[in-house]
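A short write-up of the structure that comes next.
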Amino acid sequence: MSAPTPHEATWAALGQPRPRSVRLSPAARARLAHIADLRDVFYPSDAEGIGGEYSGEPHLAPDLLAARPWLAPDTPRRALLGAVMAGEWTGLLALLGEYGPWVYAPDVAALQGLSRAYAALVSAATPAREEDVLAAARRHAGGAPSLLARLEATDYRQKGRGAAPETLAALEAAFWERAGETAAARRAEWGARRLRP
């Protein structure tokens, strides 16, 4: 087994130990930024059941927590969706692309906005050079999970003239900012509703 290249070692440090190990079919490539999973969360029992069903999803908890700094980071995985629902009430749990982020949105319009923000990142990164994507992912390290590092599990990048690292980093930051704003607005709205006599 050969030693990892410097790029592979850096990807591993960013949480991607096997860069480009997944070969995408044309159909899978077309679905990279499409909703891959969608569940309605209308009742606390939904949150409990879905939370248990998806407790093994490695990215679900980090993604939902990244947009919700008010939740305890050690919230048990099985209880996390219930904690999200307790603060935001009904919503839609979705996976944006098979290698994308998990989101919880209050309605279809909010979900579409998050999906567009993620699609913009995928679109900009697809023709980019590995060096530029890696530089953008490194800028993001330490904050919310790096979606660029997650995408790098696949051979999604195609030769072209892609965006600069600054642009890619800004698009990823914009996605997480939108996810956080969506969650905070819903939490505030639900909190105000509960206080009404």
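Extension gain for D37-R23 works out to 3.0 nm (0.36 nm per residue, less the C-alpha to C-alpha distance). Rounded to the nearest 10 degrees, what's the angle between the helix 130-140 long axis and the longest principal axis of the chain, both from Cα atoms, 0 to 90? Taking Cα atoms only, the helix is inclined about 40 degrees.
So for segment 59-145, averaging the separation of alpha carbon pairs under 8 Å that are six or more residues apart and normalising by length, what relative contact order in percent results? Intermediate results must be reported in sequence, preceding the final value.
Working: 58 pairs, mean separation 26.2, N = 87.
Relative contact order here is 30 percent.
Just how large is the dipole of the chain about the Cα centre, in debye to the nearest 20, putting +1 at every Lys and Arg Cβ and -1 at every Asp and Glu Cβ? Don't skip to the end; give the middle numbers.
Values: 23 positive and 22 negative charges, 49 e Å.
The dipole of the chain has a size of about 240 debye.
Residues of segment 68-89 falling in the label zone of S45, defined by backbone nitrogen less than 19 Å from a point 7 Å along Cα to beta-carbon, are 79, 81-83, 85-86, 89.
With n ≥ 4 as the cut-off for DSSP H runs, can you work out [θ] at 222 nm for the chain, using -39500 (n - 2.57) per run divided by the number of residues, rounded to the nearest 500?
Working: 9 runs with 107 residues, N = 197.
Helix-only estimate at 222 nm: -17000 deg cm²/dmol.
Using a probe of 1.4 angstrom, how much of the accessible area of segment 69-197 is carbon and sulfur, in percent?
Working: 3250 of 6020 Å².
Heavy-atom surface of segment 69-197 belonging to carbon and sulfur, 1.4 Å probe: 54 percent.
Put simply, the amide H of A163, placed in the peptide plane, has neighbours under 5 Å in A128, leaving out anything fewer than 5 places away on its chain. Relative to the present Cα-Cα distance, how much length would full extension add between A30 and V108 at 0.36 nm per residue of separation? Full extension from A30 to V108 adds 25.9 nm.
Note on the chain: along the principal axes its Cα atoms extend 63, 32, 32 Å, ordered by decreasing extent.
Positive end of the charge dipole of segment 2-80 (Lys, Arg +1 and Asp, Glu -1 on Cβ, about the Cα centre): tell me which of T5, L38, G51 has its Cα farthest that way. With unit charges placed on the Cβ atoms, the residue in question is T5.
Which FRET efficiency value, to the nearest 0.05, is calculated for E57 and E130 with the Förster distance at 22 angstrom and r the Cβ-Cβ distance? Please report the intermediate quantities before stating the final value.
Working: r = 27 Å, r/R0 = 1.23.
Calculated transfer efficiency: 0.20.
Across segment 161-177, rounded Karplus estimates of 3J(HN,Hα) from the backbone phi angles (6.51 cos²θ - 1.76 cosθ + 1.60, θ = phi - 60°) give 10, x, 6, 6, x, 4, 5, 4, 4, 5, 5, 5, 4, 5, 4, 5, 5 Hz, Gly and Pro being marked x.
The values are calculated or read from the model by the stated rules, or taken from the named source; none is laboratory data. Since this is a predicted model, take the numbers as computed values, not measurements. In this analysis, Cβ positions are derived from the backbone assuming ideal geometry, glycine residues included, and neighbour counts consider all displayed protein chains. The accessibility values were calculated without ligands, DNA or RNA, using every heavy atom of the protein model including side chains. Shrake-Rupley method; radii C 1.70, N 1.55, O 1.52, S 1.80 Å.
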